[in-house]
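Asks: This is the structure I want to talk about, given as structure tokens.
Nothing in this text is a laboratory measurement; each read-out follows from the coordinates by a stated rule. Remember, it's a predicted structure, so these values are computed and weren't measured experimentally. Using ideal geometry, Cβ is built from the backbone for each residue, glycine included, and neighbour counts are taken over all protein chains shown.
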Amino acid sequence: MAGSLTSAIRHGVLRTATMAYGLMRRGGSRRSGLRVLMYHAIGTPIEGDVSGLYNMAPARFETQMRYMAEHYRHELVPLERSALAGESLKIALSFDDGYRDNLSVAAPLLVELGMPFSVFVCTGPVAQRKAGFLSPEDLRELAGLPGVTIGSHGVNHLRLTECDERRLKEELAGSKAYLENLLGSEIASLSYPHGAVNRNVRDAAESVGYRIGACSRFDINQSGRDPLLLCRTDIWADDDLPTFEQKLGGDWDWYRWRSADAEFKSANHQQG
């Protein structure tokens, strides 16, 4: 009961702020740029996710994907550097961590709809064949599907800003090498675990060969954005269709101002 009440209060506060921000943006017109949507699990309980934000019900996920296929078909693009060019709205799909349901639940629907997507894989659980995560065989199968790009999410899902130089290189270079050896292709993108990135982490990622870096900061990416510091829009398990549309349009981009953005701002200081 207490949890339900807390959730209801949270929703009320967030949606009030979203409505106010949408009105402030001249009635909520859609923002242009590259919007990267961030998902996690589709039907798999996540350890430590006490609020249940990151395990979306498959039926809700399907509703969102079919809505995008109908209303945003021409805006959907793979997550790559070229997507930052131009001034029109573009949308890329991404999944963090490497849950097996990305293959068994999400992939069949997305392939059916012709929607490209990226999966950022934490290689430790893959190598250990941890329950609920992609196995090496699963990962090869997923990588072979049309429209799929595999990226790194580190080895052990550590907060990279808290790693010493040796551990930071192990997490960035080690995960990249594991995936490249397993899949036989270059891995050029990563998602920073916990969204933890500063200038040192960003530069270390570039030095080992990454060209795309996905963060956890709410916002759209406009022309000139550092491709190693891409903002994303977090999609939560309880987002209904009106909320989903608000996030696509930019009404939730006010959330970038939350205090948890301190590390991102440090990494991004050269962009202003």
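Asks: Under unit Cβ charges (Lys, Arg +1; Asp, Glu -1), what dipole magnitude, rounded to 20 debye, does segment 72-193 have relative to its Cα centre? Spell out each step's value before the answer.
Replies: Numbers: 12 positive and 17 negative charges, 21 e Å.
With Lys and Arg at +1 and Asp and Glu at -1, about 100 debye.
Asks: If you don't mind, there's one more thing I want to ask. Amide H of Gly151 versus every other amide H placed in the peptide plane: which residues, excluding those fewer than 5 positions away on the same chain, fall under 5 Å?
Replies: Correct list: Val119, Phe120, Val121.
Asks: Right, next: Would you please name the trypsin sites (Lys or Arg not before Pro) within segment 63-152 that are DSSP coil residues with at most 15 other C-beta atoms within 10 Å of their C-beta?
Replies: When the trypsin sites (Lys or Arg not before Pro) of segment 63-152 are filtered for loop state and at most 15 Cβ neighbours within 10 Å, Arg129, Lys130 remain.
Asks: Classify segment 131-272 as rounded, prolate or oblate, taking a ≥ b ≥ c as the square roots of the eigenvalues of its Cα gyration tensor: rounded when a/c is under 1.5, otherwise prolate if a/b is larger than b/c and oblate if not. Intermediate values should be presented prior to the final figure.
Replies: Values: a/c = 1.86, a/b = 1.21, b/c = 1.54.
Note, shape of segment 131-272 comes out oblate.
Asks: Can you tell me, using C-alpha contacts under 8 Å and at least 6 residues apart, the relative contact order of segment 43-201 as a whole percent? Before the final figure, lay out the partial values.
Replies: Numbers: 221 pairs, mean separation 29.6, N = 159.
Dividing the mean separation by the residue count of segment 43-201 yields 19 percent.
Asks: With the contact rule set at Cα under 8 Å and sequence spacing of 6 or more, what percent relative contact order holds for segment 64-144?
Replies: Values: 82 pairs, mean separation 24.0, N = 81.
That works out to 30 percent.
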